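Since the structure comes first, as structure tokens, the remarks are kept for the end.
Just so it is clear, none of the values below were taken in a lab; they were calculated from the coordinates. These numbers were taken from a predicted model, which means no experiment stands behind them. Every residue, glycine among them, receives a Cβ derived from its backbone with ideal geometry; neighbour counts consider all protein chains shown.
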Amino acid sequence: MTTTIGRALGESEAAAALLAEADRAIDEFKAANPGLEGKTAVFAPREGTRTAVFIDESAASVTLLRRLGLTTPDELVSLPGEQTFGATFISADIAIVGLYTEDARSAFLAMPLVAGLSVTTDERLVPIDISLGAALQTPNPVSIQYLLSELGPQLAAAAG
């Protein structure tokens, strides 16, 4: 997309530079955080009482997490979408959950199912706000540095 927009604006070189800078930032982050390699992670934005789980390998968020060394738990890939909520938090080493208001965050973390899971008690659940959620859902060369600086340390801490 960045290449196409750059070409349309007559800024192909600038677009290529943005892509190269984002790739370099990802590579540097990955090298500085080897503890992420091989861990499983899911991104699960929550809206009201519904939780979406991004497991499709073509999703931009899944692609970015994969580039950081994280993978989708095998147990989730084969499940129908409506049945992945509980499995998401049981099978993932790291669960990134979009909780976009303070009330949503408090209510979610107070749910007995969530509060009792090892991903929560072991501090491997990473609640994120709406800004990080939007950036992770549709990462692009401009938002990569923001994601790595804001979400990166939380992922590294959750990975142990």
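Summary of computed values
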quantity: Glu57/Met111 FRET efficiency (R0 45 Å; Cβ-Cβ; nearest 0.05); calculated: 0.95
quantity: Two-site label geometry, Asp27 and Arg50: point separation in nm, points 7 Å out along Cα→Cβ; calculated: 4.1
quantity: Amide H contacts of Val126 (H built 1.01 Å from N, under 5 Å, at least 5 apart or other chain); calculated: Ala95, Ile96, Val97
quantity: For Leu65, Leu117, order by how many other beta-carbon atoms lie within 10 Å, fewest first; calculated: Leu117, Leu65
quantity: Prolate/oblate/rounded call for the range 29-160, Cα gyration tensor, a/c under 1.5 rounded; calculated: rounded
quantity: Within the range 2-159, percent of DSSP bridges classed antiparallel, to nearest 5; calculated: 20
quantity: Using distinct alpha-carbon pairs, which all enter the 1/r mean, Kirkwood radius of the range 111-160 in Å; calculated: 11.9
quantity: Whole-number D in µm²/s for the range 11-68 (Stokes-Einstein; Kirkwood sum over Cα pairs; 4 °C, 1.567 mPa s); calculated: 96
quantity: Net dipole in debye of the chain [+1 Lys, Arg Cβ; -1 Asp, Glu Cβ; about Cα centre; nearest 20]; calculated: 60
